[in-house]
Structure formats: structure tokens, C-alpha cells
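To start, the structure itself, in C-alpha cells.
Read-outs: derived from the displayed coordinates by stated rules, not from any lab. Note that the structure is a prediction, hence the values are computed from the model and not measured. Here the Cβ positions follow ideal geometry from the backbone for every residue, glycine too, while neighbour counts run over all protein chains shown.
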Amino acid sequence: MNHMPQAYSPGTINRRFEVINELVLAGSTWLVLYDQKTPFAAIVNAEVSEINGEPRHRVVATLEMARRDQCGEIFSVQDFWQDTDALKVEGVVVEPALQDMGLAILLYECLVIDKNITLMSDNLHYEGGKALWKKIAKSSKKLTVFVLDTDTGKFFPYDGTRVRYEGISIPEAEIWSIHPDNNRYGVILIAEDRRKHTQVAA
């Protein structure tokens, strides 16, 4: 289970993270943090609060990632993004009281747009992850989502072209396997900057 830290000290933020964006939501200012080495991202309240007698920035969302080459996997289509950092999403956690603010989608968008990162889903699609990817595909104005078969190195519809996934535009059976069936294990979702794919069909 992914664990979200309660807060970071200003010193920890300065030492560990790069502030890649600043958001104003619900009357508050939030910092989007990125640790390239881990890799790891978080959203914290820009305002310092006193927690256990110490100045802290409250953490409201986190995103754990991994590089494909660190996962012991051979990624057959790496030539598609030689100019970007391709990271696999391993887990996202949002403070329950703030889950309707779209913080998870904002994290994805900031990483892709501000850091030129290509985000990839895990091969194991749990219900929460499936719902988030579908929501990104349907509602994000900044990201484009594609379906990729890593076993063949081809994007859906697997004929040398690629079609944008919009949450409902590709049959579920082409993306998700239902346990114990794992015939779609090699299929993942890819999130990229929408500006790169203005001519791609839905």
C-alpha cells in the first residue's frame, strides 16, 4: 500500500525537490514538487503550518514512479520518446477530503507538460488506477492518452498508426484483463503532451 507522508519541512523541500509549478485552487496556493532521482512527485500547501511544533508544508497528494530500465524490463518502443523521460506510474495517493479537486490529474499534467515526461501505466490495472486513467483520457485538456501493446511495440489499432483513447473510444476488452485472465498484461496506457498530437484521430 502506498503511504503518503504527512508533511515536509521547508529544508527538505529545498534539498530534495524541484518546485515545477504553483497552483491556486479553492483559495489556496499549492506547490507541485518533483524529485527526479527517486522519481517521485507531490503537491503540498505553499503555506507553512505548525505540525508537532515544527514548520511544515502539508502534503495533499503524491505520485510514485519508476523508470522502466530500473524495473528489469525490456521496453520495446523506447525509440518513440528518445527526447523525453519515460516513467511508469506505481501509485498515486490523494488526501481523501480533497479527492474532488482533481489533484491526481494535475500531478500528471504538471509532470508531462512542465518536465517533458511520458507517463506509463503499470501492467497491473486495479480499479482505482483504471478509473483515474479513464478520467484523464476523458477530461484532461493538456494530455493525450494512447493504448500501447508492449509485447508487439505497437499502439492501438496495431496497424502502424495510433488512435487517441478518450475513455470510451477503444473497447475495454482491448485494454483491460479481468482476473484470472492476463492476455492483456502487455497492454499499458501512455500519457503525453496533447500539443504533440494535434493531428491524431480519436
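Considering only beta bridges that DSSP places wholly inside the chain, some 90 percent are antiparallel. Exposed loop sites here are GluC sites (Glu not before Pro) assigned a DSSP state other than H, G, I, E or B and surrounded by at most 16 other beta carbons within 10 Å; excluding them, the longest clear run of the chain is 74-165. Within straight-line reach of Lys37, meaning a Cα separation under 20 Å, sit the following aspartates and glutamates at least 8 residues removed in sequence or on another chain: Glu18, Glu64, Asp69, Glu73, Asp83, Asp85, Glu90, Glu109, Asp114, Asp122.
Lysine pair count for region 122-202 with Cα-Cα distance under 16 Å and sequence separation of 8 or more or different chains is 4. Note on Asp151 and Lys130: the extension gain reaches 5.6 nm, defined as 0.36 nm multiplied by sequence separation minus the Cα-Cα distance. The Cα trace of the chain gives Rg and Dmax of 17.5, 60 Å, the first to one decimal, the second as a whole number. Taking amide H as placed 1.01 Å from N in the peptide plane, the amide H of Ala7 sits under 5 Å from that of Val59, each at least 5 places away or on another chain. One decimal place: the segment Val19-Gln99 gains 26.6 nm when fully extended, by the rule 0.36 nm per residue minus the C-alpha distance.
In this rough spin-label picture, where each label sits 7 Å from Cα along the Cβ direction, the Glu172-Val48 distance is 5.0 nm. FRET efficiency for the Arg67 to Thr29 pair, using the beta carbon distance and R₀ = 41 Å, is estimated at 0.85. What does the C-alpha gyration tensor say about the overall shape of region 122-202? Classify as rounded when a/c is under 1.5, otherwise prolate if a/b is larger than b/c, or oblate. Because a/c hits 1.5 or more and a/b fails to exceed b/c, region 122-202 counts as oblate. Each of Ile51, Ile136 was scored by other Cβ atoms within 10 Å of its Cβ. Arranged with the fewest first, they read Ile51, Ile136. For trypsin sites (Lys or Arg not before Pro), the sites in region 8-54 that DSSP calls loop and that have at most 10 other Cβ atoms within 10 Å are Lys37. By the count of neighbouring beta-carbon atoms within 10 Å, fewest first, Ser121, Ser169, Ser139 end up ordered Ser139, Ser169, Ser121.
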